[in-house]
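Q: This is the structure I have questions about; it appears just below.
The values are calculated or read from the model by the stated rules, or taken from the named source; none is laboratory data. Bear in mind that the values here come from a model prediction, so they are computed numbers and not experimental data. Cβ placement follows ideal geometry from the backbone for every residue including glycine, while neighbour counts extend to all protein chains displayed. All accessible areas refer to the heavy atoms of the entire protein, side chains included, with ligands and DNA or RNA removed. Shrake-Rupley method; radii C 1.70, N 1.55, O 1.52, S 1.80 Å.
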Amino acid sequence: MNYESDIEYCYQIKQATFCKYVLITPSKEVQLTFPQMLELRRKIYDLTTFNTLNEIINTDNFVLLFVADKQHLIYLDIPQLLKLKEEIELFFLDFNPVLV
Amino acid sequence: MNAVVRKQMSIHPDVMDLLNNQIAMEMKASASYLAMASWCDQRELLNSKDFFYKQAEEEREHAMKIFTFINDNGGAAVSPNVTNVNNDFESLRAVYETGLEQEIAVTESIFKIFKTARKQDDYITEVFLQWFITEQSEEEDTFRSILDVFDLMEGMPLKMIDERFPKE
Ligand SMILES: [Fe+2]
Ligand SMILES: [Fe+2]
């Protein structure tokens, strides 16, 4: 099974400049500002609660999601959705306030 | 990358999520107090009605305080859904008891955010929440005092009890 490694390359988040981020999808690269990034985080967290995941699996088995202030529509199946959640969690991990 | 996130937002992302939940809780409390105000208003319980209208406004102010705090610190405040507001009560005493229960739940929720902020070294939120902790202890005290009046005046007509409540 090498689907894990395929997913690896599906959705990634990179930092472009100080306040620009890039969401790399299989078909395109989407530029995100920090507020757009927070909104993506919120949506992905909402979609990956136990109940919502269950609902998705029992219906379409995929989600369509607007990102970057509705400028882009992305397609996510369940593994991609979970992978993107991990990617976002990683991105926000280790928040260390800087002591000035 | 972490340092960059830090520069964009000065509160911890997990704490931000809890604060957004708290906004929803305060707005729900506001809606709930509005229902209580209406119940009292319809029954000419003048002091109680004033009390709950005022509570409804205060809870909205609390929500707004947290709302602007999140955005001022680079986070994303979320306007919440408010559903399942109860408009049905069995007695005036039950109205106040529900109010006290609600306040205790809010206090516990604030403590939970405070603890998380501490654990995550989010000093900004920790200091911000101190006002809420003081506020909650006062709120709980207000409700407990009113429930004491019920105990003292058991068996008296409702309107007489209502007239004994402290006016704002
Ligand atoms: Fe409150
Ligand atoms: Fe309150």
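Q: I need the full set of residues from region B:98-123 which are away from chain A (no Cβ under 14 Å), touching a residue at least 60 places away in the same chain (Cβ under 8 Å) and closer than 25 Å to B:Gly74 by Cβ, in order please.
A: B:Ser109, B:Ile110, B:Lys112, B:Ile113
Q: Has region B:42-49 got any residue that is open to solvent by 10 Å² or more (accessible area, probe 1.4 Å), under 18 Å from the mean Cα position of the chain (by Cα) and aliphatic (A, V, I, L, M)?
A: no
Q: Against the condition over 10 Å from the mean Cα position of the chain (by Cα) and either part of a helix (DSSP H, G or I) or touching a residue at least 60 places away in the same chain (Cβ under 8 Å) (or both), how does A:Gln80 come out, does it pass?
A: Criteria not met by A:Gln80.
Q: How about region B:81-108: which of its residues are among the polar types (S, T, N, Q), within 16 Å of ligand 1 (Cβ to nearest atom) and touching a helix residue (DSSP H, G or I) at 6+ places or on another chain (Cβ under 6 Å)?
A: B:Gln102, B:Thr107
Q: Evaluate the following for B:Glu61: is it modelled with pLDDT under 95 and loosely packed, with under 14 Cβ neighbours inside 10 Å?
A: no
Q: Looking at the structure I just gave you, is B:Ser145 within 13 Å of ligand 2 (Cβ to nearest atom) and either modelled with pLDDT of 95 or more or assigned to a helix (DSSP H, G or I) (or both)?
A: Spelling it out, it is not the case that B:Ser145 is within 13 Å of ligand 2 (Cβ to nearest atom) and either modelled with pLDDT of 95 or more or assigned to a helix (DSSP H, G or I) (or both).
Q: Go through region B:109-144 and report how many residues are open to solvent by less than 80 Å² (accessible area, probe 1.4 Å), charged (D, E, K, R) and either within 15 Å of the chain's Cα centre (by Cα) or within 12 Å of ligand 1 (Cβ to nearest atom) (or both).
A: The total comes to 3.
Q: For B:Glu44, work out the one condition from (1) acidic (Asp, Glu); (2) within 14 Å of another protein chain (Cβ to nearest Cβ); (3) more than 22 Å from B:Ala105 (Cα to Cα) it doesn't fulfil.
A: Only one criterion is unmet by B:Glu44, namely (2).
Q: Tell me, which residue of region B:79-104 that is over 17 Å from the mean Cα position of the chain (by Cα) and assigned to a loop (DSSP other than H, G, I, E, B) is surrounded by the most Cβ atoms within 10 Å (Cβ to Cβ)?
A: So the residue we want is B:Phe89.
Q: Continuing with the same structure: Could you list, ordered by first residue, the pairs with Cβ atoms under 7 Å in which the first is in region B:59-76 and away from every other protein chain (no Cβ under 14 Å) and the second is more than 15 Å from ligand 1 (Cβ to nearest atom), at least 6 apart or interchain?
A: Taking only residues 6 or more apart or on different chains, the pairs are B:Phe67/B:Ala77.
Q: What single numbered condition from (1) under 23 Å from B:Thr142 (Cα atoms); (2) modelled with pLDDT of 95 or more; (3) in a loop (DSSP other than H, G, I, E, B) fails to hold for B:Glu44?
A: (2)
Results for (1) free of Cβ contacts under 8 Å to residues at least 40 places away in the same chain; (2) of a type in the set (Asp, Glu); (3) open to solvent by 40 Å² or more (accessible area, probe 1.4 Å); (4) on the phi > 0 side of the Ramachandran plot, shown as yes or no for each residue.
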position: A:Leu23; (1), (2), (3), (4): no, no, no, no
position: A:Lys28; (1), (2), (3), (4): no, no, yes, no
position: A:Leu32; (1), (2), (3), (4): yes, no, no, no
position: A:Arg41; (1), (2), (3), (4): no, no, no, no
position: A:Leu76; (1), (2), (3), (4): no, no, no, no
position: A:Leu84; (1), (2), (3), (4): no, no, no, no
position: A:Glu89; (1), (2), (3), (4): yes, yes, yes, no
